[in-house]
Structure formats: C-alpha cells, structure tokens
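The values are calculated or read from the model by the stated rules, or taken from the named source; none is laboratory data. Note that the structure is a prediction, hence the values are computed from the model and not measured. Positions of Cβ are generated from backbone atoms using ideal geometry, with glycine treated the same way; all protein chains shown enter the neighbour counts. The area values use the complete protein model at the heavy-atom level, side chains included, leaving out ligands, DNA and RNA. Shrake-Rupley method; radii C 1.70, N 1.55, O 1.52, S 1.80 Å.
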Amino acid sequence: MKIIDQIGSGCKRILSGLGPSCLSLVLGLLVAFALRVYRLGDQNIWWDEGLAIWAVRHHFLETTLWTAGDVHPPLYFWLLWPWVRLAGESEFAARYLTVMVAMLTVAVMAPLGRRLGGPRAGAAALWLLALSRFHVWWSQEMRMYALAALAATLSFYALLRWISEPPRTQSASTNAWKPLPLLRSRRLEISWVGATVAALYTIYFSALLLAIQNLYVFIVGLRRTDWWALWRRWLIIQGAALALWAPWLALALPRMRSWSVVQEPVSPGFVFLLDGVLLTLGISTHVGDYLGAVLVEGAVLLWGTGVLLFQARRSGALPQTRDKLWLLVLGTLIPPLMVWLVTQPRMLFYTPRVEARYFLSFAPLFYAWLGWTLSPCLHPQPFGPPGGGRGVGVRAALVLVLMLWALPGHYADRRLRDDLQSMVRVVWAQAKPGDAVVLVSGDRYPLFLYYYDRAPAPADRPPVYPIPRESPVLDVAGVETELAPVARSHSRVWLAQVERHLQDPESVAEAWLAERYTRLLTLEFGHNRLSLFGPAGEEVTADGAHPQYPLFATPAAGLEVLGYDLPVREVRPGDPLRLGLYLRAGPPLVPEGLGGEECFWYWTARSSLPGVMLVEPSGEMMWGTLLTLCPPNRTIYRLVEFPVTACMPAGRYHFEVTAPDGKPVPLGEVQVTHTQPEPSSAEIPHPMMAHLGESVRLVGYGLYRERGILGKQPLAPGAGVRPGERLLLDLYWQADGPVGENYVVFTHLVGTVHNPATGNPVWAQDDHEPLRGGCPTARWILGRLLRDRYELVLPADTPAGEYLLEVGMYRWETGERLPVSGDGADPQNRRILLGTVRVGGR
C-alpha cells in the first residue's frame, strides 16, 4: 500500500505540474503527435487501406459514385483524393492525413474538457486521449474512423456550448429578458450543423449521434423554463443537418447492396466488454483476459463521478453538473448497445460484424468524462468527500499505469514485411512491351495494385487483368472465357497467384497457360506464386529496368552490378528477406564441371558458397547462394531469398556480391531483430553432454513448474508435481558440425501405467522443431548455444508414481529417431533420459 501511495503522490505532483497552462497543452499535443507518427509507415497496407487507394486513383466523380454503392459515405475519400496527389501514396504519406485529423481531435479535447470542468479538466482530457492506445491505433490507419471521431467530438462540443447558452437571459437589475448576441447563437448552430453533417458524410453509423443528442436535449429540456423554445430551435437546426444529408442519401440508397459478413451474432455482454477493454487498454483480442483492468477503470470513473456530484451539490452547481453528465453517460453507454443492434443479422443493407473501429467515434467523450473526474486531484477541496488528495492521486496513477502498460504493445509487431513488393518488382524489371499480367487474387487485387501502380512504377508496365470476372471460383468450364481474350492480345502472360486457394484452388489458370505457352519463369513467394509464360526460347532479361537502389560496380572483370531492390530494412524470424539484383555479365565463363555454355557462374572467394552473401555484424558470412547469369551481354534480374531464423544473432547485416579474384561489392543493410540472445553456459541449470546423430549436442536442460504471473519455479530431478500442472522444459542445444536435415524434437513424460488417451505410457508430450519451427536444425549456426523451450501439461487424471523424462530427435517423414550417446543416453530406444519426476495426489 505504501508503494501505491508513493506512486499516487508522484502522479499527483506530475498532474499538478501540468496545470491549465498553455505549456501543458502544447506538451500534450507534442506527445500525441510523437505517438501517432512513430513507425507510421512501418506497417503494410491492409485490404481496406488498399481499397481506399484503389478508389481515389479514379477520377473524382468516379470515386464519388463508387462510394455511393459502398458501405461508407464519401467525405474521407473526398479528402484522400487530393491528398495522395499532393503527398504521394507511400504508407507514411497516405496515413499522414489521418494523423492530422487525429491531432485536431486531441486538440479539441482541451476546450471540451474545459467546458465540462474547467481548464484542468481540459488538460486532463487532452492528455488521456493523447495516451490512448485505442486512438493511437486508428490514428495510424488510412481509414475514415478518426475523421468520424473528430466530427462527432466537434458536434458534441458545439451542442454542449449551445445548450448551456440559451437564446435568452434574464437581467438581474430589470428582471427583464434580454436576447444574447444573435451572432454567437447562430455561430454555434452553424458549427453544430457543419460538424454533424461531416460526421454523417463520413460513416453511416454517425446517425447514432442524432439519437444520443435528441435524447440528451429532451432530458435537459424537461428542467428548462424555456423548454418549448429550446426544442423548437433544436428541431430547426436538426432539420437543416438532415436536409444537407438528404441529397447523398437520395444518391446512395438505390445503389446500396444488402449483404452480411456476420457468421455468428455475439452477445451484448461481449460488445460492452470489448468497448470497455478498448477504452481502457486499446486491445481488441482475448478481451476476457482484461476484465480486471476494465473493472478498475470503471471503479475509478464511478468514484470520481460521485466526487463531482458531491462537490457540485455543496457549491450549488448540481443541475449544471448533472446536465453535462447526462451527455457523457449517454454518449458512452448507448454506442455499444447500438453496435450490437446493427451487427445482428438482417435482410436490409450491409450487416457488419462487431469491430473495434465502430467504437472510436464516441471514445473522446469517455476520455473527457474520465479527465473531468480526475481533475479534482489537481486541486483537491479541503472539505471534500473521501477521494481528494492522496486517494485521487492513486486513482489517477492506476489509470495512467494501465494506459502506459498497454501502449507499447501497439508498436510491438509494427514493421514492413515483403508481402507483394518483390513480386511486383520482378514484373517491373523483366516485363516487355506487349506483356500482360493475369491476377488471380481472391479479391486481394487492392493490395497487389497498391504496390503495382505506386510510384516509381514504370509507365509502360503491363496491364493487369483480375480474374475470375464471371464467377466466384475459376473452373475448367470458365477458364477459356477468362483467358482466351488475354492470350489473343499478348505474346507473354505473367500469372500472379495471390491467395490462389480462394478463387483458383485447382490452379486451373496455370494449367491453361502451360498448355499454350512455354513456362519461362516461376518464383515462389510464400503461399503466392509468380509465373511467366511465353514463346519457346524467349529470353527473360531486365534491359532498361530501373533498380530501387542504382549503382555501378565491377567485382570482377566481365561482371557488372547495376543496382538492387531491397523492399524492407527490418526483418524478424520467419519474415522473408529478399534481394533483387540487376547484373550484367560478359562472355560466358564457366568454371570446370559446373554446367553448360549458356550460363555464367561466379563463386565467392571467401567460402564454398557461391555468388551473393548475407554477412552478419561480425563480418562472418551467414548465408550464401549461387548466381547464374544468362544470357550473356544482357542485363538480367536475379531474386535471392535468405532465411531469417530465431537463432541468428540480432544486429545489422549487409549483402555482398563476390567473384573469384575480385573485390566484394557491399550492398544494402538490413536490421535483424527479435531473435533469441545466445545464453551463456553458466545459465544452464543442469549441464550435461549427450550426442544425437553426427552433429547435434545436448549440453544441458532446465526444468520448471509454471507459476502464472509469479513466473516459474525451478525443479530438481525427482521433484514432486501434481496432476494438472504445467512443466516447462528448457533444452540447450549446440551444433558441432553441419546438420543437413530438419529434425523434430520429442519431449515425453513416460510412466508405468498405460494412458488410454495416447495408447501408450506417455502422459505428457510436446513435439516440435526447435523454437517451434523458428530455428530448424538445418539452419543451426556452428557452435552457437540455443535455448529451446517445451511445455508438458500433466492431465488431471495422471496417476501417482515415478515418471521418466525423455527427449530426442526424429525425422518427421519417417519417425526414425536419431542415434544417441553420452550422458543419459539409451541407445537401444534412441532417447536421452533426463531423470524422473514424481507425481503425487491432488
């Protein structure tokens, strides 16, 4: 409790230091801006963002008519249309429009909070939205939801000001009613109409604004002496907003389709929990795990609201405070209920599934409410209720700790991956006039076209024909209709298969082209594939291509390096790392025994691996691959891919092109991150030395009992455990020579009693490749120590007794185990025995 008190006191001092000054607001805006531009471009465009770019690449009128049949109104697209022509289509540039909109929303929080509870409430509201992971998330998306949140916040702010300034006031001296300045009243009404219409033209869900605000005006008007004048004027300005929205509805409603993406409706409880987790932590997955955080923040909000009402009653401002709270309560509690209602299956218009983005429009109201309740900690009342002073500081600390704990998770997996960039550049580099690209993508065409048509795309790039156009799935009966017109008009056809299992699971298009053309090129890109079909004997060259990074280097006589493509600068385990090389070779020169006369090989002078290498930070070669250059005297393009494993040393790597008796040509650099640091031998709890096969060594292990949030508890050999517990087993491996194959590790807990679930004496088991496939044995680095974790879960019905802990390796295809020797070896059963575990009763 003392620690919490200290945190609360520190939080209070920090918040008190902010104060209502302009400096605190500027600092809050700077923090908000930094959080929203940090790694803004370090995330691949996703489908909805790609569709937005695809839409605004059309003429302005075409974009508008397309949105009329889409699920969103056009305002965001109207803004994005000129923006991308001004700033460009890169991930950073296109998303920066959303950042600017989001920053305006953060700025509006200051006057909104000030209108609720004074300057300190405004500063608190601004800082809470600035630090909100939920708002940061959607500030970095090329979507319209941040714009909708801005418009909704401005609408609520204008309404709050308008309703707190009635059209007439009473003079204390004459007891007569005098009109307020007409200009101010009309300005507020025009502001509300403009903001509300902007919200309605951004997302259709903004119609909920009118429902909430109508209910709010009705409730407030019940206690007003001028209720009829208030409601009449409200109906007039509301009618003006609807009149401005009506032309769009007249255009859009006849074009809207009725369809649904809802597979199974969710419960109202789940929707409210999702909303709570989003507002508290900005997390949208496994929301049940964060119920405690929601309850904590909910308790802070309710307690602070009670403090506000108590202080308002003492100061005689209870009616005004209650009126403001009504707006915040309605704007916070009604949206999740409406999200649940509109996501229920129906037969009219579009039925969406529950998504986090639908809650964003009303999130600023929640943070304004929360900031208002925390503002008393900045100037506690000497005779206030419990909760002033230290107690309020603790509540503020809890809120800030939750927000700051969650915020780094937003950036944890944010990076650019080479999804389609290399595939597109292969076409750019090697296409010829008269080529065509047939795209089988399962409606993923916006993603492919985003990269394919984005600058610096060649002006003479081949046209793209997305198929199938006539049916959802391509079949043998329809492939002729789809491809024959393309084949008649183009001598060479590139077939880009992106998520081909969705629309061409039988590879019908590939088979049709293979029957009529010669396959000139095939490249695999994970689950995707790119093939080139053309006349027999056709040469595939890159003459006239423009590298992403041009250069001119000659590692050896007769070999020129003209440039390279490197789409990404950071990779993590499992990411593809591809390098595109632009090369030109002189007359054929084939080292003895390496092939025919048409291709030109270069072998590296530094090792037995050929051509192009990935070099680790220490200067040692990590991987290398062969370069084949044909035809000679032409510019050719070679795409090479290197594996990125979890057991590689982290750091800055670079590429080199080498040739015999030549000077290595260094190319671009790439940062390898999030790999496993090499443990030291001193960290091994139970050292040993066992051998598996010819090159694998098991040099030790560690056994632990999982203790949840408390971590893990080390276990000695023969230690006692209970049924239902989870054991963690760390194996420490080392390769003392090349491991030519990928092996699977088995870890078993073997008893003396038959297990009916497995059909053998094995009662707990975890089999997988090292680091769960992140470090295949064929990619092990000689001499590098590797920690490899396994989990053994004891069934609840595990009988009491002694159990053997055995490990080993086997070939996945045959199940054949590797021979073993050394400490704990059981050569007959080809296993290593690590000791025993004693299972007791529950």
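Please determine, by comparing only the residues of the stretch 284-323 that are more than 26 Å from the chain's Cα centre (by Cα), of a type in the set (D, E, K, R) and open to solvent by 50 Å² or more (accessible area, probe 1.4 Å), which one is nearest to Arg353 (Cα to Cα). Walk me through it before giving the result.
The initial filter retains those residues of the stretch 284-323 that are more than 26 Å from the chain's Cα centre (by Cα), namely 295-296, 298-323.
Filter again for of a type in the set (D, E, K, R), leaving 313-314, 322-323.
Going one step further and asking which of them are open to solvent by 50 Å² or more (accessible area, probe 1.4 Å), we end up with 313-314, 322.
Working: Arg313: 44, Arg314: 47, Arg322: 35 Å.
Once the filter is applied, the top-ranked residue is Arg322.
Taking into account only those residues within the stretch 267-313 that are charged (D, E, K, R) and without any contact (Cβ under 8 Å) to a residue 12 or more places away in the chain, which is farthest from Leu341 (Cα to Cα)? Full working, then the answer.
The first filter runs over the stretch 267-313 and keeps only residues charged (D, E, K, R), leaving 275, 289, 297, 313.
Now narrow it down to the ones that are without any contact (Cβ under 8 Å) to a residue 12 or more places away in the chain: 289, 313.
On the way: Asp289: 25, Arg313: 37 Å.
My answer is Arg313.
So which residues in the stretch 47-73 are assigned to a loop (DSSP other than H, G, I, E, B) and modelled with pLDDT of 95 or more, if there are any at all?
Going through the stretch 47-73, the residues assigned to a loop (DSSP other than H, G, I, E, B) turn out to be 57-59, 69-73.
Result: Arg57, His58, His59, Pro73.
Could you tell me whether the stretch 651-671 includes any residue that is among the hydrophobic types (A, V, I, L, M, F, W, C), assigned to a strand (DSSP E or B), out of contact with any helix residue (DSSP H, G or I) (no Cβ under 6 Å at 6 or more places or on another chain) and over 30 Å from Ala557 (Cβ atoms)?
Checked against the condition, which is being among the hydrophobic types (A, V, I, L, M, F, W, C), assigned to a strand (DSSP E or B), out of contact with any helix residue (DSSP H, G or I) (no Cβ under 6 Å at 6 or more places or on another chain) and over 30 Å from Ala557 (Cβ atoms), the stretch 651-671 yields no hits at all.
Is at least one residue of the stretch 472-489 at positive phi and out of contact with any helix residue (DSSP H, G or I) (no Cβ under 8 Å at 6 or more places or on another chain)? Working first, answer last.
Of the stretch 472-489, the ones at positive phi are none.
Taking every residue of the stretch 472-489 in turn, none turns out to be at positive phi and out of contact with any helix residue (DSSP H, G or I) (no Cβ under 8 Å at 6 or more places or on another chain).
Residues in the stretch 82-92 that are of a type in the set (A, V, I, L, M) and surrounded by fewer than 16 Cβ atoms within 10 Å (Cβ to Cβ): how many? Walk me through it before giving the result.
From the stretch 82-92, those of a type in the set (A, V, I, L, M) are 84, 86-87; that's our starting set.
Add one more test, that the residue is surrounded by fewer than 16 Cβ atoms within 10 Å (Cβ to Cβ), and what stays is 86-87.
Looking only at that region, the number is 2.
Anything in the stretch 132-146 that is open to solvent by 20 Å² or more (accessible area, probe 1.4 Å) and assigned to a helix (DSSP H, G or I)? List them, or say none. Don't jump to the end; show me each part of the working.
So in the stretch 132-146, the residues open to solvent by 20 Å² or more (accessible area, probe 1.4 Å) come out as 133, 137, 141.
Once the filter is applied, which keeps residues that are open to solvent by 20 Å² or more (accessible area, probe 1.4 Å) and assigned to a helix (DSSP H, G or I), the stretch 132-146 yields Arg133, Trp137.
Considering (1) modelled with pLDDT of 95 or more; (2) in a loop (DSSP other than H, G, I, E, B); (3) among the hydrophobic types (A, V, I, L, M, F, W, C), say which one Ala496 fails and leave the rest.
Among (1) modelled with pLDDT of 95 or more; (2) in a loop (DSSP other than H, G, I, E, B); (3) among the hydrophobic types (A, V, I, L, M, F, W, C), Ala496 violates only (2).
Looking at Arg454, is it among the charged types (D, E, K, R), in contact (Cβ under 8 Å) with a residue 24 or more places away in the chain, open to solvent by 10 Å² or more (accessible area, probe 1.4 Å) and part of a loop (DSSP other than H, G, I, E, B)?
Working: among the charged types (D, E, K, R): yes; in contact (Cβ under 8 Å) with a residue 24 or more places away in the chain: yes; open to solvent by 10 Å² or more (accessible area, probe 1.4 Å): yes; part of a loop (DSSP other than H, G, I, E, B): yes.
Judged against the criteria, Arg454 is a match.
Go through the residues of the stretch 69-81 one by one and say whether even a single one is in contact with a Pro (Cβ under 8 Å, 6 or more places away or on another chain), of a type outside the set (Phe, Trp, Tyr) and buried (at least 21 other Cβ atoms within 10 Å of the Cβ).
Initially, the stretch 69-81 is screened for residues in contact with a Pro (Cβ under 8 Å, 6 or more places away or on another chain), giving 71.
Filter once more, keeping what is of a type outside the set (Phe, Trp, Tyr): 71.
Remaining after also requiring buried (at least 21 other Cβ atoms within 10 Å of the Cβ): none.
No: the stretch 69-81 contains no residue that is in contact with a Pro (Cβ under 8 Å, 6 or more places away or on another chain), of a type outside the set (Phe, Trp, Tyr) and buried (at least 21 other Cβ atoms within 10 Å of the Cβ).
Yes/no matrix, rows are residues, columns are (1) of a type in the set (A, V, I, L, M); (2) more than 20 Å from Asn214 (Cβ to Cβ); (3) modelled with pLDDT of 95 or more:
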site: Leu279; (1), (2), (3): yes, yes, yes
site: Val294; (1), (2), (3): yes, yes, yes
site: Glu297; (1), (2), (3): no, yes, yes
site: Thr321; (1), (2), (3): no, yes, no
site: Thr332; (1), (2), (3): no, no, yes
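Within the stretch 21-46, can you find the residues that are of a type in the set (D, E, K, R) and assigned to a helix (DSSP H, G or I)? Before you say what the answer is, go through the steps one by one.
Here is the first cut: in the stretch 21-46, the ones of a type in the set (D, E, K, R) are 36, 39, 42.
Of everything in the stretch 21-46, just one residue is of a type in the set (D, E, K, R) and assigned to a helix (DSSP H, G or I), namely Arg36.
Select from the stretch 624-656 the residues that are modelled with pLDDT under 90 and under 23 Å from Val672 (Cα atoms) and write down the one among them that is surrounded by the most Cβ atoms within 10 Å (Cβ to Cβ).
Taking the stretch 624-656 as the starting set, the residues that turn out to be modelled with pLDDT under 90 are 624-634.
Remaining after also requiring under 23 Å from Val672 (Cα atoms): 624-626.
On the way: Gly624: 22, Thr625: 16, Leu626: 15.
Only one residue fits best here, namely Gly624.
Give the residues of the stretch 199-239 that are surrounded by fewer than 19 Cβ atoms within 10 Å (Cβ to Cβ), outside any helix (DSSP H, G or I) and among the aliphatic types (A, V, I, L, M), sorted by residue number.
Selection gives Leu222 alone.
Kindly list, by first and then second residue, each pair from a residue in the stretch 24-47 that is farther than 23 Å from Arg454 by Cα and open to solvent by less than 40 Å² (accessible area, probe 1.4 Å) to a residue that is of a type in the set (S, T, N, Q) and at pLDDT 95 or above, limited to pairs with Cβ atoms under 9 Å and residues at least 6 apart or on different chains.
Ala32/Ser139; Leu35/Ser139; Arg36/Thr98; Arg36/Ser139; Arg36/Gln140
List pairs: first residue in the stretch 530-546 and more than 15 Å from Ala459 (Cα to Cα), second residue in a loop (DSSP other than H, G, I, E, B) and not charged (D, E, K, R) anywhere in the structure, Cβ distance under 8 angstrom, at least six positions apart or on different chains.
Sorted first by the residue in the stretch 530-546, then by its partner, the pairs are Leu532/Val540; Phe533/Tyr517; Gly534/Ser491; Gly534/Tyr517; Pro535/Ser491; Pro535/Tyr517; Glu539/Pro631; Thr541/Pro631.
Select, from Arg772, Arg784, the only residue that is in a helix (DSSP H, G or I), basic (Lys, Arg), under 36 Å from the mean Cα position of the chain (by Cα) and surrounded by fewer than 20 Cβ atoms within 10 Å (Cβ to Cβ). Step through it out loud before you land on a result.
Working: Arg784 fails: in a helix (DSSP H, G or I).
Being in a helix (DSSP H, G or I), basic (Lys, Arg), under 36 Å from the mean Cα position of the chain (by Cα) and surrounded by fewer than 20 Cβ atoms within 10 Å (Cβ to Cβ) holds for just one of Arg772, Arg784, which is Arg772.
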